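The structure under discussion appears below in the form of structure tokens.
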């Protein structure tokens with residue numbers, strides 16, 4: 001269901017992608033906005049592979065319609081939806097997640113992880129439902145009191161933080177406030193320091209994912 005939700009988000013009126021095709025677990029989307037072309041690849045797994053493996057497999061699976069487009073390689077986002085056994089075991093996956101997201105070749109890469117409990121919370125909800133939940137103050141208060149506990153708000157917040165094409169559906173002033181709140185809560189939770197660090201870099205670059213990823217890669221190279 002997570003993959004379907006992300007697909008709904010991508011094809012919503014605010015994001016503007018349309019589904020092209022699916023092959024061996026990879027879903028391909030395209031967005032045309034005037035002369036601007038962007039592409040999205042979704043893949044759901046419980047076993048995260050290396051970045052090189054994803055680069056190779058996408059090259060093999062990409063439909064000819066997209067291969068012929070010269071903008072495909074430089075304007076494509078790969079979102080890997082990673083099912084993990086529990087949020088308490090996130091530390092076991094951090095190194096492999098970093099290695100995929102840091103990889104600068106071919107595609108921009110994002111890993112959105114989720115637990116079985118979070119999948120259950122989503123149930124048969126659709127993307128429109130989740131867009132309302134992110135602004136639900138009562139659900140946010142519950143999440144704030146126990147940020148490391150799986151909840152519908154924990155997975156919805158991560159969706160809006162991780163997916164590069166999503167924005168919180170409010171005006172600019174409220175958007176900044178919500179992002180600050182989410183970032184603050186994540187930083188208070190040692191389990192999710194990984195998300196907090198990435199979000200802080202994005203925020204420092206005013207939401208520009210290209211600049212944020214460049215800064216992050218440079219930072220890791222200096223370590």
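FYI, it's all coordinate maths here, none of it is from the lab. As the structure is a prediction and not an experimental result, all values here were calculated from the model. Here the Cβ positions follow ideal geometry from the backbone for every residue, glycine too, while neighbour counts run over all protein chains shown.
The order of 163, 42, going from fewest to most other C-beta atoms within 10 Å of their C-beta, is 163, 42. Ranked by how many other Cβ atoms sit within 10 Å of their own Cβ, fewest first, the residues 45, 62, 11 fall in the order 45, 11, 62. Label separation (residue 145 vs residue 69): 4.6 nm, computed from points 7 Å beyond Cα along the C-beta direction. In this label model, residue 93 and residue 128 are separated by 3.0 nm, measuring between points 7 Å along each Cα→Cβ vector.
Placing a pseudo-label 7 Å from each Cα along the Cα-to-Cβ vector at residue 4 and residue 85 gives an inter-label distance of 2.8 nm. Length gained on full extension, residue 21 to residue 102, computed as 0.36 nm times the residue gap minus the Cα-Cα distance: 26.5 nm. Sorting the Cα pairs of the range 1-122 by distance into bins of 5 Å, from 0 upward, gives 2, 10, 21, 22, 20, 14, 7, 3, 1 percent per bin.
The length gained by stretching the chain between residue 167 and residue 35 to full extension, at 0.36 nm per residue less their Cα-Cα distance, is 45.3 nm.
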